[in-house]
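**Student:** Submitted below is the structure of interest, expressed as structure tokens.
A short reminder: the numbers here are calculations on the coordinates, not readings from a lab. All of these numbers come straight from a predicted model, not from anything done at the bench. As a convention, Cβ positions derive from the backbone with ideal geometry for all residues, glycine included, and neighbour counts pool all protein chains shown.
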Amino acid sequence: MGRALALVALAGGWAAASWYLWQSRVPGSLHLPHLDEHHYFSAAQLHASASFSNVELLFWVLGVVVQVVVLALYAWRGHRFMRESAAGPLGTGMLLGMLGFAILWLAGLPVSVLDLWWQRRHDLVTLGYVDYLFQGWFALGGEFVFLCFALAIVMGFARLLGERWWMPAAPLFIGLALLFAFVNPYLTPTHRLEDSQLRSSVQRLEKLEHVEHTPVVVQDMRDITSMPNAEAMGLGPSRRVVLWDTLVDGRFSNRQLEVVLAHELGHLSRNHIWKSVGWYALFAFPGTYLIARAARRLGGMAEPKAVPLSLLVLVVLSLLASPVENVISRHMEAEADWMSLRTTHDPVAAKQLFRRFVPTTLGEPNPNTFEYVALETHPTIMQRIAMAEAYATSAAQSP
Amino acid sequence: MEHRPDPAAAIRRIWHQCRMHEHREHPVRLVVEDDLHRNRLTVFFRLILAIPHFIWITVWSIAVFFVAIVNWIATLVTGTPPAGLHRFMCSYIRYSVHLNAYFHLIGNPYPGFVGEEGEYPVDVRLPGPEPQARWQTFFRLFLALPALFLSSALGSAGGPTYGGVSGRGSRYSFGGSGLLTAAVAVLGWFASLALGRMPKGLRDAGAYGIGYGAQGLAYLLLVTERYPNTDPTELLADVERPPQHSVYLIGDPDDLRRSRLTVFFRVLLVIPHLIWLSLWSIAAFVVGVIVWFATLITGTPPASLHAFLSRFVRYSLHVNAFLYLAANPFPGFAGEPGRYPLDLALPAPQPQNRWVTAFRVVLAVPAWIVNVGLALALTIAAIYTWFIALIRGVAPWGLRNLMAYALRYGAQLNAYVYLVTDAYPHASPLEGAAEAEPPVAEEQ
């Protein structure tokens, strides 16, 4: 009875926290009009984006299948690599974790190289194959470090607390997520925004969104990709807006760039980084608990042989959670779009910007349901245009 | 009783056979009959005294270049090097060994100019002309490149080499000056002048470098088709082993199996260890300073701090052995004894000479120089092992032993610097021979 009550209390707390994090400035009464993409994009544009996206989707599905199959095999046979370790249980667990990621990288390489070829073919990526492989290799080294750190936490607590390792581990992971969110801007190489007109726009927008003195900087990405992008990152004193140099290369007008800036400042204004960590916290507890339950049949996470299975469980849980994560992400992006419209009062520039995204990123304006649920972290381009239309209508109606 | 096949035993048998194959005596044998005595006067003027030989070997090398082409074509056609040309090549190799030994202070007497067998205390025995596989002969220059590259770290035999052109002019270097033998020569020069004899460790290290270079040259010049063997125990098989150092390698010498997966990702897998080792190094530095003061005052390192530094030295060896593929398994993070196939026996805290303690860092500089030479060889050997282990799933015995030598020397240097022992690192590639009981390892 007591346990049931505790569970109900936890579920209630979880729901209350979710409700709080879900709060948005987008009016609940806002009605997005149904728009026909053929009115906004040429048949050639729609065909190009559809054919590109279909193959991308195929690669994604292939990649996921390879990932799950490889990890399933590794969960089944991976414990045999224990003989390659002279380290204790903790070190052996780290080795098994790293090898799991290494095998995953190797197995996924053909699909990711094909994907690179596809993106290069469409002039979206400029990165060479050799550079791609080396970058992937070094990135894997970075992943190894984080993985070892995470496994040291999990296995260390598991040795101390048994199956209840997840109770202290989850808050620690949340703390690490906060730390990473804080440190990330300092790890991203950027330089000053040169355009003085844009800089004065930044000051004006920051004032309007109550995020004064937020640095807006530029990241060099043209050696990697031609796709435009921008992001808001950091917490407290580290927060900033990063524009890719592919966004400020003259393909977009200053009015369109102001929409982007207002969107990113909107993220900061509405504390979306904090909220993202909050959502992560809400998933971290049940996630770690489920991993602990799954590892129980192999002796718990204190045993290195449970590591391959825990990797499988982690990846499967992440896959299962990704539609929910996408819903949350789309919700926050929609709010940032709304903030941008409210700040710039320029739905025309917003619509022009979103329309430019189709030829520059080959994103589908109106993807199919599966793609939307599984992959889209932003509202679709048609939804974003619809929001701009809705804003224009509401602005016209207001006195 | 039913007989059940034991796969592990079968694998062990295959490794053993591999080792036996690699253990076949190399036809190019180094002979070291040097008594370590050095004449101070000839040592002081060694470089100048060798000038006539430099001129002579330059002329000889030019001749060898053309003769080698003729020999190559003849061997391709007939399958066996012509006896006359073979003799010419043998004399050249032998002469280059004599000259290298003299120049690098591995031998004392002034060498003759014709490369006669048995006339010099550091000599080389070469095989007679034998049939050679034509495809190997055809690609000999390319096949020899890895060995010649390793020779550049250890010490090649041969004539003068052109060092390339820079904006400030050309640079010539003598062919025998591999990094290790060059270090040996410089350090040996000072030591011989001071002591009147060459330290055995340096002499053995230099002889090893020259011996490997001779094998490489013999392979390149078609004197033999056996590939050079880096195994120090075989190259210096006839050389007396040095006394047992207080820091020496223990573990499983048969640990030759390598997991291809961990080999492929070795550089990445070791990253967590390198991070941990860096953090530990900071602590070890601080503890080392404390131990230095304590040892200066009391004459003996405090037991607990000595144990800490011993663990650090052992852990460094484990990590390096894993990184450089000298060992297979992923090491632990605590430097525990007896847990790794390439392990280190370390002495218990013992009284240390205060003078040696006071000037420890300065005294370590010569050993550090030798270690730099060995580190290059270690890196090259590790790169070769990476490729071979990926293909064969085993590490070559010779390369593994070269790496073990380099790692052992590095560990002895580490132990010396961190005051685990006051025994100076011994540069001999040969593992010391235990005289009586081995030193008591700590943490027993």
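**Student:** With a point put 7 Å past each Cα toward its Cβ, work out how far B:R260 is from B:V286 in nm, to one decimal.
**Tutor:** According to this spin-label approximation, the distance is 4.6 nm.
**Student:** Next up: Kirkwood Rh and Cα-based Rg: tell me the resulting Rg over Rh for the protein assembly as shown, rounded to two decimals.
**Tutor:** My calculation puts Rg/Rh at 1.07.
**Student:** Ratio of Rg to Rh for region A:94-179, alpha carbon only, Kirkwood?
**Tutor:** 1.15
**Student:** Hey, got the dipole for region A:197-321? About the Cα centre, +1 on K and R Cβ, -1 on D and E Cβ, debye to the nearest 20?
**Tutor:** The dipole magnitude comes to about 520 debye.
**Student:** Springs between alpha-carbon pairs under 10 angstrom, Gaussian network model over chain B: which of B:L193, B:L407, B:L179 fluctuates most?
**Tutor:** Comparing B:L193, B:L407, B:L179 in the GNM, the peak value goes to B:L193.
**Student:** Grab the DSSP H runs of chain B that are 4 residues or longer, score each as -39,500 (n - 2.57), total them, divide by all residues and round the 222 nm result to the nearest 500 deg cm²/dmol.
**Tutor:** Roughly -18500 deg cm²/dmol at 222 nm, from the helical runs in chain B.
**Student:** Cα axis of helix A:307-344 to longest principal axis of chain A: angle in degrees, 0 to 90, nearest 10?
**Tutor:** That works out to roughly 20 degrees.
**Student:** Using alpha-carbon positions, what is the distance between the centroids of region B:102-156 and region B:342-416, in Å?
**Tutor:** Value for the Cα centre distance between the two parts: 26 Å.
**Student:** In Å³ and rounded to a whole number, note down the convex hull volume per residue for the Cα atoms of region B:196-298.
**Tutor:** Once divided by residue count, the hull of region B:196-298 is 227 Å³.
**Student:** Then there's this: Grab the Cα-Cα distance for A:L58 and A:R222, subtract it from 0.36 nm times how many residues apart they are, and report the gain in nm with one decimal.
**Tutor:** So the chain would gain 56.4 nm between A:L58 and A:R222.
**Student:** At a threshold of 8 angstrom on Cα-Cα distance, excluding pairs fewer than six apart, so keeping six or more, what relative contact order does chain A reach in percent?
**Tutor:** 24
**Student:** Taking every eigenvalue of the Cα gyration tensor of region B:242-329, multiplying by 5 and rooting it, what semi-axes result, largest first, whole Å?
**Tutor:** 31, 18, 7
**Student:** Short version: ³J(HN,Hα) in whole Hz for each residue of region A:256-273, in order, from phi by Karplus 6.51 cos²θ - 1.76 cosθ + 1.60 (θ = phi - 60°), x for Gly and Pro, what are they?
**Tutor:** Running phi through 6.51 cos²θ - 1.76 cosθ + 1.60 with θ = phi - 60° gives 5, 5, 5, 4, 4, 4, 5, 5, 5, 5, x, 4, 6, 4, 8, 6, 5, 5 Hz.
**Student:** Treating only the Cβ of Lys, Arg, Asp and Glu as charged (+1, +1, -1, -1), what charge dipole size does chain B show about its Cα centre? Round to the nearest 20 debye.
**Tutor:** It works out to roughly 1060 debye.
**Student:** In terms of modelled amide H atoms, which long-range or inter-chain residues lie less than 5 Å from the amide H of A:S226?
**Tutor:** The list, which skips near neighbours in sequence, is A:V125, A:T126.
**Student:** While we're on this one: Where nothing but the Cβ of Lys and Arg (+1) and of Asp and Glu (-1) is charged, how large is the charge dipole of region B:195-267 around its Cα centre, in debye to the nearest 20?
**Tutor:** Charge dipole of region B:195-267: 260 debye, to the nearest 20.
**Student:** Would you list the membrane-span-like helices of chain B, meaning whole DSSP H runs whose alpha-carbon atoms span at least 20 Å along their axis and whose mean Kyte-Doolittle value is at least 1.6?
**Tutor:** For chain B, where a helix must reach 20 Å along its axis and average at least 1.6, the hits are B:51-78, B:140-154, B:179-195, B:271-298, B:360-392.
**Student:** Does region B:71-161 come out rounded, prolate or oblate, given a ≥ b ≥ c as the square roots of the eigenvalues of its C-alpha gyration tensor, rounded meaning a/c under 1.5 and, failing that, prolate meaning a/b above b/c?
**Tutor:** Oblate, since a/c reaches 1.5 and b/c is not below a/b.
**Student:** Determine Rg/Rh for region A:202-327; Rg is computed over alpha-carbon atoms and Rh is the Kirkwood hydrodynamic estimate from the same atoms.
**Tutor:** Reported Rg/Rh, Kirkwood definition of Rh: 1.15.
**Student:** Rounded to the nearest 0.05, what FRET efficiency is calculated for B:I250 and A:R83 with R0 set to 25 Å and r the Cβ-Cβ distance?
**Tutor:** Calculated value: 0.75.
**Student:** How far is helix A:2-22 tilted off the main Cα axis of chain A, in degrees rounded to 10, range 0 to 90?
**Tutor:** 30
**Student:** Quantify how much of the Cα-Cα distance distribution of region A:115-250 extends past 20 Å, in percent.
**Tutor:** Counting every Cα pair in region A:115-250, those more than 20 Å apart make up 63 percent.
**Student:** Amide H to amide H, which residues 5 or more places from B:D343 or on other chains are under 5 Å from it, using H placed in the peptide plane?
**Tutor:** Amide H to amide H, under 5 Å and 5 or more residues apart or across chains, B:D343 pairs with B:I250, B:G251, B:D252.
**Student:** Which of the peptides A:99-111, B:353-365, B:290-302 is most tightly packed, and how do the rest follow, going by the mean number of other Cβ atoms within 10 Å of each residue?
**Tutor:** A:99-111, B:290-302, B:353-365
**Student:** Moving to a separate point now. Which one of A:H267, A:F357, A:A306 has its Cα pushed farthest toward the positive end of the charge dipole of region A:227-368, where Lys and Arg give +1 and Asp and Glu give -1 at the Cβ?
**Tutor:** Result: A:A306.
**Student:** Using only the Cα atoms of region A:265-353, build the gyration tensor, take square roots of its eigenvalues as a ≥ b ≥ c, and label the shape rounded, prolate or oblate: rounded if a/c is under 1.5, else prolate if a/b is larger than b/c, else oblate.
**Tutor:** Judged from the Cα gyration tensor, region A:265-353 comes out prolate (a/c at least 1.5, a/b above b/c).
**Student:** Can you find, among B:L274, B:T262, B:L249, the residue sitting farthest towards the positive end of the charge dipole of region B:246-315, where Lys and Arg contribute +1 and Asp and Glu -1 at Cβ?
**Tutor:** B:T262
**Student:** Determine the sum of side-chain charges near A:P89: Lys and Arg each +1, Asp and Glu each -1, restricted to other residues whose C-beta is under 15 angstrom from that of A:P89.
**Tutor:** The answer is +1.
**Student:** If amide hydrogens are placed 1.01 Å from N in the peptide plane, which non-local residues have theirs closer than 5 Å to the one on B:R197?
**Tutor:** B:R38
**Student:** Looking at chain B, identify the longest residue range that excludes and avoids all GluC sites (Glu not before Pro) in DSSP loops having at most 14 other Cβ atoms within 10 Å.
**Tutor:** After excluding every exposed loop site, the longest remaining stretch is B:241-434.
**Student:** Run through all the Cα pairs of region A:1-73 and give the fraction in each 5 Å bin from 0, expressed as whole percent.
**Tutor:** For region A:1-73, the binned pair fractions read 3, 11, 8, 8, 7, 9, 16, 17, 10, 5, 3, 2, 0 percent.
**Student:** Related question: Take the Cα atoms of chain B, build their convex hull, and give its volume per residue in Å³.
**Tutor:** 186
**Student:** Related question: Above 18 Å lies some portion of the pair distances; for region B:38-121, what is it as a whole percent of all C-alpha pairs?
**Tutor:** Looking at region B:38-121, the distances longer than 18 Å represent 48 percent of pairs.
**Student:** Between beta-carbons, use under 13 Å as the cut-off and find the net charge around B:V370, counting Lys and Arg +1, Asp and Glu -1.
**Tutor:** In short, +1.
**Student:** Let me ask you something else. Along its three principal axes, how long is chain A when you only count alpha carbons? Whole Å, largest extent first please.
**Tutor:** Extents along the principal axes, in whole Å: 68, 54, 39.
**Student:** Another question, if that's okay. Which of the lysines could a cross-linker bridge to A:K275, judged by Cα under 25 Å and excluding same-chain residues fewer than eight apart?
**Tutor:** Those lysines meeting the cut-off are A:K207.
**Student:** Considering the convex hull of the alpha carbon atoms of region B:336-444, report its projected area averaged over all viewing directions, in nm², one decimal.
**Tutor:** 8.1
**Student:** Related question: Of A:H31, A:H122, how do they rank once you tally other Cβ atoms within 10 Å and put the fewest first?
**Tutor:** Ascending Cβ contact count within 10 Å gives the list A:H31, A:H122.
**Student:** Count charges around B:A427 for me, please; just the other residues with Cβ under 11 Å from its Cβ, Lys/Arg as +1, Asp/Glu as -1.
**Tutor:** Here the charged neighbours net out to +2.
**Student:** Further question: Using θ = phi - 60° and the Karplus form 6.51 cos²θ - 1.76 cosθ + 1.60, what ³J(HN,Hα) does each residue of region A:290-295 get, whole Hz, x for Gly and Pro?
**Tutor:** Those phi angles translate into 5, 5, 4, 5, 5, 6 Hz.
**Student:** What list of ³J(HN,Hα) couplings, whole Hz, do you get for region A:198-206 from phi and the Karplus terms 6.51, -1.76, 1.60, once you set θ to phi - 60° and write x for glycine and proline?
**Tutor:** 5, 4, 5, 5, 4, 4, 5, 5, 4
**Student:** For chain A, set up a GNM with springs between Cα atoms under 10 Å and report which of A:Q219, A:Q23, A:Q256 has the largest fluctuation.
**Tutor:** A:Q23
**Student:** As a check on your grasp of the helix formula, calculate [θ] at 222 nm for chain A: sum -39500 (n - 2.57) over DSSP H runs of n ≥ 4, divide by the residue count, round to the nearest 500.
**Tutor:** -24000 deg cm²/dmol
**Student:** Please pull out the direction-averaged projected area of region B:226-272, using the convex hull of its alpha-carbon atoms, in nm² to one decimal place.
**Tutor:** 6.2
**Student:** Given labels modelled 7 Å from the Cα in the Cβ direction, how far is it in nm from A:H34 to A:H191?
**Tutor:** 5.0
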